[in-house]
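These notes are about the structure you will find just below.
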Amino acid sequence: MSTDATRPDTASAEPSDRIWTIPNILSMLRLAGVPLFLWLLLVPQADLWAAIVLAVSAITDWADGKIARATGQTSKLGMVLDPAADRLYILSTLAAFGIRGLLPWWVIGLILLRDLIVGIALLFLRRAGYQALQVNYLGKAATFNLLYGFPMLLLAYAWESAAAVALPIAYAFLMWGIGLYLISGAHYVWQIVRIVRAAR
């Protein structure tokens, strides 16, 4: 049976140990932008600037993966930094949006519950001797939609004349993103259950 998980001792085409690559620098800059984004959104409530920071993050998220594959600069650090930056932006945005009342708390709770369940399932996966699951298309599509929907929602609140166009687009991205995020979480858990059962 083939799986999407990898054991620590079975790796092919290992990524490099390099640290200072263009994709890694982009990921580091994305991570550095998280506190700036939170400050802009919560302190001066400069929604337009916060939306710009989020939009730049979404663009660099696409760019670092593209550059890594095109130039052969895939690295172990990058495989940690990139999803960490995605997760941190999603969680910090949800928290800030909840505090500001831009998203209902029940929606935020659904997303956090999904992450909690997947996190618990991953503990069982590691106990079975596996290290990670490959990010599937559903997960990538969900992250894409969320990271593009969040700045559009901020733009709608920050720029009243653009709200008529930005708000429907934002809701479309967010509805698809949240739906795919939940579905991808269920898919990850299903994969983990199959892998752990097979390992036994």
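The values are calculated or read from the model by the stated rules, or taken from the named source; none is laboratory data. Nothing here was measured: the structure is a model prediction, and the numbers come from that model. Note: ideal-geometry Cβ built from the backbone for every residue, glycine included; neighbour counts use all protein chains shown. When the accessible area is computed, the model is the full protein with side chains, heavy atoms only, and any ligands, DNA or RNA have been set aside. Shrake-Rupley method; radii C 1.70, N 1.55, O 1.52, S 1.80 Å.
Note on the chain: GNM, Cα springs under 10 Å; of Tyr89, Tyr137, Tyr148, the largest mean-square fluctuation is that of Tyr137.
Per-atom-type breakdown for the chain gives carbon and sulfur 69% of the accessible area (1.4 Å probe, protein chains only). Each Lys and Arg Cβ is given +1 and each Asp and Glu Cβ -1; about its Cα centre, the chain then shows a dipole of about 640 debye. For the chain, the per residue solvent-accessible surface stands at 56 Å², with DNA, RNA and ligands left out and a 1.4 Å probe. Within the chain, the ratio Rg/Rh, alpha carbon atoms throughout and Rh by Kirkwood, equals 1.00. As a ratio to 2.2 N^0.38 Å, the alpha-carbon radius of gyration for the stretch 111-200 is 1.39. When the Gaussian network model of the chain links Cα atoms closer than 10 Å, the mean-square fluctuations of Ala46, Ala70, Ala128 top out at Ala70.
If one puts a single equal scatterer on every Cα of the stretch 19-62 and applies the Debye formula without solvent, what log₁₀ I(q)/I(0) results at q = 0.14, 0.27, 0.30 Å⁻¹? Summing over Cα pairs of the stretch 19-62 leads to -0.33, -0.88, -0.99.
Principal axis extents of the Cα atoms in the stretch 73-119, from largest to smallest and rounded to whole angstrom, are 40, 23, 10.
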